[in-house]
Each structure stands twice: as C-alpha cells, then as structure tokens.
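The values are calculated or read from the model by the stated rules, or taken from the named source; none is laboratory data. The model shown is predicted, which means the values in this text are computed figures rather than measured ones. Neighbour counts run over all protein chains shown; Cβ positions are idealised from the backbone, glycine included.
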C-alpha cells in the first residue's frame, strides 16, 4: 500500500469563507472529489416553528428557533451576536436561550445572544384565538 501524500499540512491552512475542494488521485487518476462550502457573513435570520399546532389554551408552548444565515441560506456557525426578541399578538414570551452555560443573560430577556448562529425562544398562546407574530 502506498502512503498517503498530502500537498499541504492541515494545520497551515487558514480559514476563510468560500469553497474547499478535496481530490484523491491514485496513479494520476481522479478517484474521489469532494466539495464543501463554508459560510460567509450572516445576512439574514430564519425563524422556524415546531410542527405541532399551537392551541390557544394557555398550556401549549411553541419553540421558535432563530438561525443566522448567509445569502445562500447556509447556517453561519461562527456568528455570535445579539438578537432582539419581541412578540406581537395573542402570545406571551416565556423565555429565550442559546444553550451556552457561560452566558449569564437571564432567560426571558428581550435581548438574546446567539451561539454558533443559533438562539431559541419559547412562547405561550393566550386564551383568545388570533394571529401570532414573532419578531426577532
């Protein structure tokens, strides 16, 4: 078996957004080609809601996931920023969090730090039926 020869040592590659291509050649013939894209700067936020319907009974909770994404829709895992939480309509904010045990912001604050491009919010519907609108 021939030893694997690397063109450059992995520790000397500097990170920058873009596309990384890896090719594997055996006897000058391309055997494997892999392409991975890296995320650039965040340009927008995507809000995702749980798939379960939210009943207006003061018991159901809805989880809102905030993801900071770049223009192509990829999550930006290096994004650590603050987002402002505001709920409009017949719902009440229960809490917000990013999962970082070293982040000492109070759960439920109107400002939430993202961790690795993500944050989480929890809302509860009020008794009155109506339109809910989460603004982050």
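Numbers at a glance
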item	result
Test result for residue 16, modelled with pLDDT of 80 or more and within 16 Å of residue 70 (Cβ to Cβ)	no
From 76, 85, 107, residue being within 16 Å of residue 46 (Cβ to Cβ), in contact with a strand residue (DSSP E or B) (Cβ under 8 Å, 6 or more places away or on another chain) and at pLDDT below 80	85
